[in-house]
1. I'd like the distance separating the alpha-carbon centroids of segment 85-99 and segment 9-24, in whole Å.
2. Can you give the helix-only mean residue ellipticity at 222 nm for the chain, where every DSSP H stretch with n ≥ 4 adds -39500 (n - 2.57) and the sum goes over all residues, rounded to the nearest 500 deg cm²/dmol?
3. Of the accessible area of the chain, with the probe set at 1.4 angstrom, what percent is carbon plus sulfur?
4. Mind checking the angle between helix 55-70 and the chain's longest principal axis? C-alpha axes, 0 to 90 degrees, to the nearest 10.
5. Among the listed pairs LYS59/LYS91; LYS54/LYS81; LYS54/LYS91; LYS32/LYS54, which are separated by more than 30 Å between their Cα atoms?
6. Please work out whether the chain counts as rounded, prolate or oblate from its C-alpha gyration tensor, where a ≥ b ≥ c are the square roots of the eigenvalues and a/c under 1.5 means rounded, while otherwise a/b larger than b/c means prolate and anything else oblate?
Amino acid sequence: MEVESGTVNLVSKEGDSFPVDIEVARMSELVKGMLEDESGDDEDTTEIPLPNVKAAVLKKVIEFCSHHKSEPMTEIEKPLKSAVMAEVVQKWYADFVNVEQVLLFELILAA
């Protein structure tokens, strides 16, 4: 039986714990698989260690997934009609990826 509702604690590389709605956490295939592996446990809150993900990056991933749950991103048309992100996706998503390239790369790896 899989965990269906409630919260899960995602633990960063530094040991910081982030309580997240399970529905949001399941957006990550890695976390989804780990939740399925934990389904036999009787604990109220599952803790998922993410030793390769920094706290700052995990916080941004959670922010993205939480926002995506309430306002899914529109599908990106192909071929791209513009190189300007704000003309391709909603403003929130365009602003979200407007970060330093190193952080963007870490977000891609963590997601």
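1. 25 Å
2. When only DSSP H runs of four or more count, the value is -11500 deg cm²/dmol.
3. 54 percent
4. 80 degrees
5. LYS54/LYS81
6. On the way: a/c = 2.68, a/b = 1.79, b/c = 1.50.
In terms of gyration-tensor shape, prolate.
The values are calculated or read from the model by the stated rules, or taken from the named source; none is laboratory data. No experiment lies behind these values; they were computed from the predicted model shown. Accessible surface is based on the protein model in full, side chains and every heavy atom, while ligands, DNA and RNA are left aside. Shrake-Rupley method; radii C 1.70, N 1.55, O 1.52, S 1.80 Å.
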